[in-house]
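Since the structure comes first, as structure tokens, the remarks are kept for the end.
The values are calculated or read from the model by the stated rules, or taken from the named source; none is laboratory data. The model shown is predicted, which means the values in this text are computed figures rather than measured ones. Quick reminder, even Gly has a Cβ in these numbers, built from the backbone with ideal geometry, and neighbours come from all protein chains shown.
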Amino acid sequence: MDDEDGKGGGGRKWSRRDWLSWAGISTSAAVLGLMNAAFFRSLHLDLLYEPSKVFRAGKPEHYPLDRVVKLPDRPVFICRDHEGIYAISAVCTHLGCIVATSDEGFACPCHGSRYDPSGKVVAGPAPLSLPWWRMTLAPDGQVVVDAGKAVKPGQKLKV
Amino acid sequence: MGATVPTMLNQFLDNLRALPGNFRRAVFRRGIPATDKERLASVFANIFLHMHAPRTKKNTLRPTYTWGLGLISFYLFLVLLLSGVVLMFFYLPSVDWAYLSMKDLESRVYLGRLLRNLHRWAAHAMVATVFLHMLRVFYTGAYKRPREFNWMVGVSLLCLTLLLSFSGYLLPWDQLAYWAITVGVNIAGSAHPTWLPQPGGFDIGELTKYILLGGTEVGQEALIRFYVVHVIFLPLGAGVLIGVHFWRIRKDRGISAPDPEEDGAEAEEKEDGSSRPKRKRKASDEVVLTWPNTLLAELALLMGTLFLLNLLSLLIDAPLQQIADPRQPETVAKAPWYFLGIQELVSYSAFTGGVMIPLVVVIGLAAIPFVDRETVRVGHWFHNRGGLSWSLLSAAAGLVFTWVVLAWGIRTGGLRAMYPNVPQIVVDIVNPAALIFYFATGWHFVGLYRFREHRAATLGTFSVFVVAVVLVTVVGVYCRGPSWGFYWPWESWPAH
Amino acid sequence: MGGGTTLPWEYQDKLLTVATLFALLTLGTIVYAVWREEHPVWERYERGYREAMVAAVADFPEDRREATLASIQAGAIQDYIREASIVDRCRTCHRGIDNPLMADAPQPYRTHSGDTLRDHPPSRFGCTICHGGQGPSLAGVDAAHGRAAFWDQPMLPLRYVEASCGRCHRVAEVPASDVLKRGRDVARRECDGCHEGDDRPRGAKTLRYVGIKRSGRWLAGYLSDPDSEHARHWSSEPIQRDDFDALISELTMRRGAEKLLRGELLYNERGCGGCHQIQGVGGVLGVDLTEEGLRLPRQLDFRYVRASGGVVAWQEAHLIKPESVVPETTMIDPKLRSNEVELLVSFVLSLYPRWNYDAWRPPDHDGFREEAYKADPARGKALYGRYCAACHGRNGRGRIDIVHGGYAPALFNATFLALADPEFLVYNIANGREERNMPAWRQTGGLRETDIRSIVLFLNSKPRADTPEFLGPFRGSAEEGRATYEVQCAGCHGESGEGGVGPALALPGVQKAGDEYLYATIALGRPGTAMLPYDLPGGNGLPRERIADLVAYIRLLPEAYDD
């Protein structure tokens, strides 16, 4: 960057000094940039002081067939049919209210968004359908819901 | 009167095309400078670079003149500022959570351990570099007219640095922190000498302590007070004073440098006979362009500081003891190391060592440029050869005297042990701490008598002060054990 | 060279090189720090667990295998219980703790032993509440297990883990061992046939933890309800009253932590409570043990114990031989067998301020609130063993206490029991003996009126001597008595009745007794102790009038003593 002769030219060969300048400035900038990036990274926490997004939700056979069960302490619906068991988020995709079950599926009490039984949005301001959460099977036979990882709607855990 | 619509549209498109360049020019005014004139202008035009004069005296760039200590202190301050702000995201100033916050930095926060170590070691390092910076400024005589005021600002910054470090010491809320602060605050609590009347129970020391702690012992109130002071008031104060400090450097025509008129030979010697054409005015030979010379030196120094600090933080973890337990004093409750000198003096007399001497020392330091007003040979280490030998002799004398006086205090337990009924006021007047102080004061007049020069006298006193500080601190750090008993570093402390 | 105002280029080159060099070095430190952060020490356990799981589910049907493998959580795992301020990250490495497939896996993956986790899932309780250690730490094996410098609670050795049960579950009253033994036999005979074993009838639940869910009173009421199945069971073959009581005791003790309960039983039967207090109940000669389980390493003297063993090693060494750890101790050597040391240490470590977190409170948290009971000698016997036997002897023969000084009277002494009025005994137990080692058991020792009366009932159930009827007058002339006292009594009881080998006669404990009691005691002595019978014909016998004079003089002693 330091062109001491004042005739900055495009195709001019880089002198040792140019290289040195470039190296000094760029490595220093890299140091400052990287340090900043590292500390910005620290603002992203991996362990949170809030209830875990991954939790066990009991054995699948405890859920009645073809019924929607709202978990008491989590915004998640557990549904089971003869194809398998799956979890649907109970958080409205509009502004985060907790939706309730209705005759046609789910309905949000805040702004009237409505979803069909598979969580697909059918009316109201909600921009997206209710996500289906990933469901896996713990070794002790309980289902594990990961309420941070959405899967394709219709993907049920066969039990 | 408007132009035609197509013209306007064309102009609009042209403006859009020229936007990046215009935007850059709006922000930076000019591109990367290519000529000296442009370089001068760049320093002028940029708010950050404008802290510098466009030209820098060449002599001040010699590493052996400044050792970069002031700048390193400033870099450390910046590191502390930035790491401190990030730490604030993860720290809760509550007695229930503060300690867990520390543990979280270790296990939960990305690079948290490094972050905490950086902050801790930078704080300790800054205390050291600021002190060394003061030594440099003193021994090169840089405090002299017209820089008296900036010297005083510097003394205030030294105090602020100590206070910043001290107020941050409590925040981890571990045993180390808790008992160090308990001891430190009790030093402030002894500000009111026992022999002074207390009208209406008024005790300035107790009052200070009460205000400082928000109560009578270190607890939640104290924690939040130290926190607020540590993250708001002191950094703000230090930031403003640093600004003043820098601004004064510019107003005082840059930092001090050996005067080439007077010291021509030395200046000539430094010239390397490169192909530079001689300028008309001799004085201009000793200035160089700030861009790039000073800036490059500063960059190199920044990278060096960052490297050493990072290395230290990777290798050594900041201490963290058990969670604070007010019922369980540490076997040895020690203040942070930079206060152990004071704690050592306090062990002889709380009032004299803890309040009187620190106060007089700070006032005395601030008064140096007004005592020594001879402005010859500014910028020369130790004034001259005679100054160097007098400084060394004074240091040796100070070392011996401090050693003897400490030995007296440690061996006999001082006046109180020799004459148990002696009143407190006499103990406050005659004790190792006070004796060292009398010696340093007396030494000033020895220097005056011998050299008939204020500069020489000041050099002697200051040297005595420096070795006394160092020795007393070393004794406090390495030679004090349980109940503040004396143990050589190689002796083991008795269990319980 | 543009202009004369720049430094020579070599100088700038040097600066640039230095800057570049330092910048590269700094970059190195940052990259290393980031690399270290990206590869935490627990990473290999995460990998190891996955490998172990892949092996464990190898023979599962395909979709089940995949669903199970998918359930393995990535990254660090944390159990956070906000209300109890618990942050435990132990499961980051101990991933198989609730995974039945890992029963035989090597640590740290192995399944938790026993059925503890059924009622105590880590997601609700964390791990450190029972096991200790540094829950939030992910900084390495030693740090996490609390073996780091400046962490006061290293992991509790597994053999003492039952001590942690006592932090929440509390036994109101551990019965005496003979009662327990009897109760165990009865339970084996009457209950376990249906309630234990794999082929138990429908509806018969295991009684393994019945003591935690049901109080003794509830069990007694339920079992004696005439409409219940159990009453019908016993209607043909009635159960004895004592057997029934013992059975209830046994059932309330069925709570799982066998070692801890036996430790408490040992504590009671060794009479530790005679000198030590727990939550305000017990003697005062020894250290208050209410928070003994909370002792921190730096509160203990490790000059004679290997410091690396921590608090546990200290407690063990101390109970094996107290003066080997605390040379100036006045504690009686408990002379424990090696297995008993472990039991008692389990109990001692469980002495810990109780958790006060409502959501966790087990039914027995407050020991089902002590049930009111009537004074009864059986209870008195247990209480005697617990609080009196340390000084007065298990056999009631009394004891000279050289360490603390003083003499504890022989309470089972037949003559003493024959003479001592129950109210006199109650008074002395409740108020103690001033300036002697006998504390006021009501105020200081924390015993209740019923407890004290139970002890007296127990004492009175001991055989008493036949004593002659003495006829009055029991009080003669104090003037005459003085001379006799100084010759015959002052040697043991002190010039002004301040006591010595014998009791302090001037103090209210003795003065409270009736004239007849004093008279008879002097006359008959205390066989088996230093107190001789003075009524003996010949020898050092005293005429009856002299004894009555002594009684009169003893009544004046408090004045002499106060001077």
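If the requirement is being in contact with a Leu (Cβ under 9 Å, 6 or more places away or on another chain), farther than 30 Å from B:MET152 by Cβ and at pLDDT 85 or above, which of these qualifies: B:ALA238, B:ALA297, B:ALA222? Break it down into steps so the answer makes sense when it comes.
On the way: B:ALA238 fails: farther than 30 Å from B:MET152 by Cβ; B:ALA297 fails: farther than 30 Å from B:MET152 by Cβ.
Going through B:ALA238, B:ALA297, B:ALA222 in turn, the sole match is B:ALA222.
For the stretch C:45-98, how many residues are more than 10 Å from chain A (Cβ to nearest Cβ), among the basic types (Lys, Arg) and in contact (Cβ under 8 Å) with a residue 24 or more places away in the chain?
2
Which pairs have Cβ atoms under 7 Å, sit 6 or more apart or on different chains, and link a residue in the stretch A:63-74 that is at negative phi to one that is of a type in the set (Asp, Glu) and modelled with pLDDT of 90 or more?
Pairs that qualify, where the first residue is at negative phi and the partner is of a type in the set (Asp, Glu) and modelled with pLDDT of 90 or more, are A:LEU65/A:ASP81.
Here are some residues: B:LEU435, B:LEU471, B:LEU459. Which one is within 17 Å of B:SER389 (Cβ to Cβ) and either crowded, with 18+ Cβ neighbours inside 10 Å or among the small types (Gly, Ala, Ser) (or both)? I'd like the intermediate steps shown before the answer.
Numbers: B:LEU435 fails: within 17 Å of B:SER389 (Cβ to Cβ); B:LEU471 fails: within 17 Å of B:SER389 (Cβ to Cβ).
Residue meeting the stated conditions: B:LEU459.
So is B:ASP104 touching a strand residue (DSSP E or B) at 6+ places or on another chain (Cβ under 9 Å), closer than 30 Å to B:ASP325 by Cα and charged (D, E, K, R) or not?
On the way: touching a strand residue (DSSP E or B) at 6+ places or on another chain (Cβ under 9 Å): yes; closer than 30 Å to B:ASP325 by Cα: yes; charged (D, E, K, R): yes.
Yes.
Can we say C:GLY28 is within 14 Å of chain B (Cβ to nearest Cβ) and on the phi > 0 side of the Ramachandran plot? If you could, list the steps in order and put the result at the bottom.
On the way: within 14 Å of chain B (Cβ to nearest Cβ): yes; on the phi > 0 side of the Ramachandran plot: no.
For C:GLY28, the condition - within 14 Å of chain B (Cβ to nearest Cβ) and on the phi > 0 side of the Ramachandran plot - is not met.
Considering the stretch B:302-318 alone, what residues qualify as being within 8 Å of chain C (Cβ to nearest Cβ), free of Cβ contacts under 8 Å to residues at least 60 places away in the same chain and either among the hydrophobic types (A, V, I, L, M, F, W, C) or touching a Ser or Thr at 6+ places or on another chain (Cβ under 6 Å) (or both)?
B:MET303, B:PHE307, B:LEU311
Filter the stretch C:140-196 down to residues that are of a type in the set (Val, Ile, Thr) and at pLDDT 85 or above and give me whichever is farthest from C:SER249 (Cα to Cα).
Filtering the stretch C:140-196 for residues of a type in the set (Val, Ile, Thr) gives C:141, C:161, C:171, C:174, C:179, C:186.
Still in the running and at pLDDT 85 or above: C:141, C:161, C:179, C:186.
Details: C:VAL141: 43, C:VAL161: 24, C:VAL179: 8, C:VAL186: 11 Å.
Once the filter is applied, the top-ranked residue is C:VAL141.
Can you pull out every residue in the stretch B:319-349 that is within 12 Å of chain C (Cβ to nearest Cβ), under 26 Å from the mean Cα position of the chain (by Cα) and surrounded by 17 or more Cβ atoms within 10 Å (Cβ to Cβ)?
The answer is B:LEU320, and nothing else.
Of the conditions (1) within 30 Å of C:PHE424 (Cβ to Cβ); (2) out of contact with any strand residue (DSSP E or B) (no Cβ under 8 Å at 6 or more places or on another chain); (3) crowded, with 18+ Cβ neighbours inside 10 Å, C:TYR387 fails just one. Which one is it?
With respect to (1) within 30 Å of C:PHE424 (Cβ to Cβ); (2) out of contact with any strand residue (DSSP E or B) (no Cβ under 8 Å at 6 or more places or on another chain); (3) crowded, with 18+ Cβ neighbours inside 10 Å, C:TYR387 is out only on (2).
Restricting to the stretch B:97-122, what's the tally of residues that are over 29 Å from B:ALA257 (Cα atoms), in contact (Cβ under 8 Å) with a residue 40 or more places away in the chain and of a type in the set (A, V, I, L, M)?
Final tally of qualifying residues: 4.
What's the number of the condition C:GLU62 fails, among (1) buried (at least 16 other Cβ atoms within 10 Å of the Cβ); (2) over 28 Å from the mean Cα position of the chain (by Cα)?
With respect to (1) buried (at least 16 other Cβ atoms within 10 Å of the Cβ); (2) over 28 Å from the mean Cα position of the chain (by Cα), C:GLU62 is out only on (1).
Pull out all pairs, ordered by first then second residue, where Cβ-Cβ is under 8 Å, the residues are six or more apart or on different chains, the first lies in the stretch B:288-301 and is more than 14 Å from B:MET51 (Cβ to Cβ) and more than 7 Å from chain C (Cβ to nearest Cβ), and the second is in a helix (DSSP H, G or I) and aliphatic (A, V, I, L, M).
Hits for this filter: B:LEU301/B:LEU71; B:LEU301/B:ILE72.
If you check C:GLY405, C:GLY446, which single one turns out to be in a loop (DSSP other than H, G, I, E, B) and in contact with a strand residue (DSSP E or B) (Cβ under 6 Å, 6 or more places away or on another chain)? Show your work before the answer.
Working: C:GLY405 fails: in contact with a strand residue (DSSP E or B) (Cβ under 6 Å, 6 or more places away or on another chain).
Just one listed residue meets the conditions, C:GLY446.
Which is polar (S, T, N, Q), away from chain C (no Cβ under 14 Å) and part of a loop (DSSP other than H, G, I, E, B), of B:THR352, B:THR375? Steps first, answer last, please.
On the way: B:THR352 fails: part of a loop (DSSP other than H, G, I, E, B).
Every option except B:THR375 fails the conditions.
Condition first: in contact with a Phe, Trp or Tyr (Cβ under 9 Å, 6 or more places away or on another chain) and surrounded by fewer than 18 Cβ atoms within 10 Å (Cβ to Cβ). Now tell me which residues in the stretch A:137-153 satisfy that. Don't jump to the end; show me each part of the working.
Our first condition is that a residue be in contact with a Phe, Trp or Tyr (Cβ under 9 Å, 6 or more places away or on another chain); within the stretch A:137-153, this holds for A:143-153.
Matches in the stretch A:137-153: A:GLY148, A:LYS149, A:ALA150, A:VAL151, A:LYS152, A:PRO153.
Residues being part of a helix (DSSP H, G or I) and either touching a residue at least 12 places away in the same chain (Cβ under 8 Å) or surrounded by 15 or more Cβ atoms within 10 Å (Cβ to Cβ) (or both): count how many of those fall in the stretch C:307-337. So that I can check it myself, show each step before the final result.
As a first pass, look at the stretch C:307-337 and keep what is part of a helix (DSSP H, G or I): C:307-320, C:322-325.
So of that shortlist, the ones also either touching a residue at least 12 places away in the same chain (Cβ under 8 Å) or surrounded by 15 or more Cβ atoms within 10 Å (Cβ to Cβ) (or both) come out as C:309-320, C:322, C:324-325.
Summing the residues that are part of a helix (DSSP H, G or I) and either touching a residue at least 12 places away in the same chain (Cβ under 8 Å) or surrounded by 15 or more Cβ atoms within 10 Å (Cβ to Cβ) (or both) in the stretch C:307-337 gives 15.
Quick check on this structure: which one of A:LEU48, A:LEU95 is over 30 Å from C:ARG91 (Cβ atoms) and within 17 Å of the chain's Cα centre (by Cα)?
Values: A:LEU48 fails: over 30 Å from C:ARG91 (Cβ atoms).
One residue alone meets the criteria, A:LEU95.
Within the bounds of the stretch C:312-331, is there any residue that is over 15 Å from C:LEU266 (Cα atoms) and modelled with pLDDT under 85?
No: zero hits.
Which residues, taken from the stretch B:463-488, are closer than 30 Å to B:LEU365 by Cβ and in a loop (DSSP other than H, G, I, E, B)? Steps first, answer last, please.
Taking the stretch B:463-488 first, the residues closer than 30 Å to B:LEU365 by Cβ are B:463-480, B:484, B:486.
B:CYS479, the sole residue that qualifies.
Name the single residue that is surrounded by the fewest Cβ atoms within 10 Å (Cβ to Cβ) among those in the stretch B:54-91 being within 24 Å of the chain's Cα centre (by Cα) and not in a helix (DSSP H, G or I).
Filtering first and then ranking leaves B:ARG62.
Of the residues C:SER350, C:SER308, C:SER338, which single one is under 20 Å from C:ARG147 (Cα atoms) and away from chain B (no Cβ under 14 Å)? Give the derivation first.
Numbers: C:SER350 fails: under 20 Å from C:ARG147 (Cα atoms); C:SER338 fails: under 20 Å from C:ARG147 (Cα atoms).
None of the other options fit; the residue is C:SER308.
Matching residues to (1) within 11 Å of chain A (Cβ to nearest Cβ); (2) under 25 Å from B:ARG225 (Cα atoms); (3) of a type in the set (Val, Ile, Thr):
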position: B:ILE32; (1), (2), (3): yes, no, yes
position: B:ARG39; (1), (2), (3): yes, no, no
position: B:THR60; (1), (2), (3): no, no, yes
position: B:PHE74; (1), (2), (3): no, no, no
position: B:SER83; (1), (2), (3): yes, yes, no
position: B:PHE90; (1), (2), (3): yes, yes, no
position: B:LEU100; (1), (2), (3): yes, yes, no
position: B:VAL109; (1), (2), (3): yes, no, yes
position: B:TRP121; (1), (2), (3): no, yes, no
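Between a residue in the stretch B:213-236 that is in contact (Cβ under 8 Å) with a residue 40 or more places away in the chain and any residue that is among the aromatic types (Phe, Trp, Tyr), which pairs come within a Cβ distance under 8 Å, given they are 6 or more apart or on different chains?
Here the result reads B:VAL218/B:TYR178; B:LEU223/B:TRP173, each pair linking the stretch B:213-236 to a residue that is among the aromatic types (Phe, Trp, Tyr).
Might you let me know whether the stretch C:507-517 holds any residue that is of a type in the set (Ser, Thr, Tyr) and under 35 Å from the mean Cα position of the chain (by Cα)? Don't jump to the end; show me each part of the working.
Of the residues in the stretch C:507-517, the ones of a type in the set (Ser, Thr, Tyr) are C:517.
Restricting the remaining residues to those that are under 35 Å from the mean Cα position of the chain (by Cα) gives none.
Within the stretch C:507-517, not a single residue is of a type in the set (Ser, Thr, Tyr) and under 35 Å from the mean Cα position of the chain (by Cα).
Per-residue answers, yes or no, for (1) surrounded by 21 or more Cβ atoms within 10 Å (Cβ to Cβ); (2) in contact with an Asp or Glu (Cβ under 6 Å, 6 or more places away or on another chain); (3) closer than 30 Å to B:VAL346 by Cα; (4) among the acidic types (Asp, Glu):
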{"site": "B:TRP97", "(1), (2), (3), (4)": "no, no, no, no"}
{"site": "B:LEU100", "(1), (2), (3), (4)": "no, no, no, no"}
{"site": "B:GLU106", "(1), (2), (3), (4)": "no, no, no, yes"}
{"site": "B:LEU114", "(1), (2), (3), (4)": "yes, no, no, no"}
{"site": "B:VAL127", "(1), (2), (3), (4)": "yes, no, yes, no"}
{"site": "B:LEU163", "(1), (2), (3), (4)": "no, no, yes, no"}
{"site": "B:TYR169", "(1), (2), (3), (4)": "yes, no, yes, no"}
{"site": "B:TYR178", "(1), (2), (3), (4)": "yes, no, yes, no"}
{"site": "B:ALA188", "(1), (2), (3), (4)": "no, no, yes, no"}
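Within the stretch C:36-54, can you find the residues that are assigned to a helix (DSSP H, G or I) and within 22 Å of C:ASN99 (Cβ to Cβ)? Spell out the reasoning first.
Filtering the stretch C:36-54 for residues assigned to a helix (DSSP H, G or I) gives C:36-38, C:43-54.
The answer is C:GLU43, C:ARG44, C:TYR45, C:GLU46, C:ARG47, C:GLY48, C:TYR49, C:ARG50, C:GLU51, C:ALA52, C:MET53, C:VAL54.
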